[in-house]
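One structure is given here, and the rest of the page talks about it.
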Amino acid sequence: MNDIRPIRAKSGTNQEGTSAHNRRVMIDALRLNGSLSRADLSRATKLTKQTVSNIIEELEGDGLVVSLSAVRKGRGQPSTPYRLVPEGAFAIGLQIDRYVTRAAAVDLVGTVLVRAEANLPLDGPARGVKVILDLIEGVRKELAVLILQSEKRLVGLGVAMPGPFGLEAPEDDPWMMAAWQNFPLLETLAAGTGLDVGLQNDAAASATAERMVGAAHGLDNAVCLYLGYGIGAGLILNGELYSGANGNAGEIGMVLSPPGSKGRERQTLEHRASFASLYQHMSFDPADPMLRQKLTVAVETADPLLKDWIEAAGVDLRWSVQIIETIFDPETVILCGSAPEPLARRLIEAMHPLLPSIAERRTRRLPRLQLGMTDPWAVALGAAAEPISRAFDPRFSAILKTRTNSLA
């Protein structure tokens, strides 16, 4: 009896007019599994062997896939595995935060090749946009030196910044970054770079990074609880990132916390358990370039102020996990964000024991709550992964449109 290894892949469709979707399904299968033969791809994606062969030839011709040395399994004919070509496509990701902006260039499989950061002026986009455009230009030039012809394979620019989007707020609101939200950012960046530009909030970008190279890799249903200046949740549902009607899905930081917890009055979750509340509690300057180091020292020295904040925040975040599990039924909840890893681990400890939930079952394969990326560059990575996803990931909504059109 032959051992058949499990392969993670989405199903393609053999109906007419869906070749673009099938290409994306096969690229996604290769990204998830590393390398697969044509027989593997046919079995995993439910596509005919002829369809797989045709698409493989197209992808090879486009420089997205390459064949490896043939492998003999048992007595049968040797099979040729295929893998993605990392240099087949590139994208740039941009994070816009309150005091800093970061840009990163990645390849098709999510490897960060170039990155750079700059401080943002306090007057918002008035001068900040010039800083950002210069930063992107510098990253593109460095990438072009590192990889010849990279400009021809640059698929887009992804932008991530704190949400929510489209709400009216005073220009001086520290939570909303209203000046940036009211600025024609995407149009300005598209005109200044010549690239297709997409926007998502920082929690969604963090989830994209986790899905591409982190704890959510290969998972179809996961929620990333993102802790930054505010709090958000990146939603990976049925294998796709869910953004909602206005790009504001997962803005859990705006949920009102239960009254009376730790003797505090009722507030939004992010006013009680975000890092903005931590900075205020400890009288830290959020613009301090040494902030991460100071937080790490506070953890290592068991600072009593930090200990008090962790204990209180753990109560609120424990409650938020129970809400996420009840509403979305994810395979796991991933805590990620800009905190130094020692602080993030203390927070996870403070969130346990988790509240009773529908997520408690004997058949669980993954923990209910786990630690994800604590790299300050994760949001820029996720922003860069968004154009890659836009260009190459399966979109089942496209199939629905195709089927609707075929019935019309």
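The values are calculated or read from the model by the stated rules, or taken from the named source; none is laboratory data. Keep in mind the model is a prediction, meaning the values are calculated, not measured. Cβ sites come from the backbone with ideal geometry, for glycine too, and all protein chains shown count toward neighbours.
Among residues of region 338-355 that are within 12 Å of residue 370 (Cβ to Cβ), those with a Cβ under 9 angstrom from a residue that is in a helix (DSSP H, G or I) and of a type in the set (Asp, Glu), sequence gap 6+ or separate chain, pair up as 354/325. Take the conditions (1) of a type in the set (S, T, N, Q); (2) assigned to a helix (DSSP H, G or I); (3) modelled with pLDDT of 95 or more; residue 404 misses just one of them, which is (3). Once region 150-173 is narrowed to residues that are part of a loop (DSSP other than H, G, I, E, B) and among the charged types (D, E, K, R), the residue that is modelled with the highest pLDDT is 168. If you check 295, 317, 305 for being in contact (Cβ under 8 Å) with a residue 12 or more places away in the chain, more than 23 Å from residue 376 (Cα to Cα), in a helix (DSSP H, G or I) and of a type in the set (A, V, I, L, M, F, W, C), only one passes: 305. As a summary of the residue check, residue 363 satisfies the conditions (1) assigned to a loop (DSSP other than H, G, I, E, B); (2) under 30 Å from residue 99 (Cβ atoms); (3) hydroxyl-bearing (Ser, Thr, Tyr) except for the one numbered (2).
Taken over region 347-369, residues that are at pLDDT 95 or above and either within 23 Å of the chain's Cα centre (by Cα) or not charged (D, E, K, R) (or both) amount to 16.
Restricting attention to region 175-188 and to residues that are surrounded by 13 or more Cβ atoms within 10 Å (Cβ to Cβ) and part of a loop (DSSP other than H, G, I, E, B), the residue that is modelled with the lowest pLDDT turns out to be 175.
Restricting attention to region 133-168 and to residues that are under 22 Å from residue 228 (Cβ atoms) and touching a Phe, Trp or Tyr at 6+ places or on another chain (Cβ under 9 Å), the residue that is surrounded by the fewest Cβ atoms within 10 Å (Cβ to Cβ) turns out to be 161.
Kindly indicate whether any position in region 85-94 is farther than 30 Å from residue 181 by Cβ, crowded, with 21+ Cβ neighbours inside 10 Å and without any contact (Cβ under 8 Å) to a residue 60 or more places away in the chain. Looking through region 85-94, none of the residues is farther than 30 Å from residue 181 by Cβ, crowded, with 21+ Cβ neighbours inside 10 Å and without any contact (Cβ under 8 Å) to a residue 60 or more places away in the chain.
Being modelled with pLDDT under 95, surrounded by fewer than 15 Cβ atoms within 10 Å (Cβ to Cβ) and assigned to a helix (DSSP H, G or I) is a description that applies to residue 262. For region 214-259, a residue qualifies if it is closer than 21 Å to residue 379 by Cβ, polar (S, T, N, Q) and at pLDDT 90 or above, and the qualifying residues are 243, 248.
Scanning region 18-63 for residues that are among the hydrophobic types (A, V, I, L, M, F, W, C) and within 10 Å of residue 82 (Cα to Cα) yields 30, 36, 41, 56.
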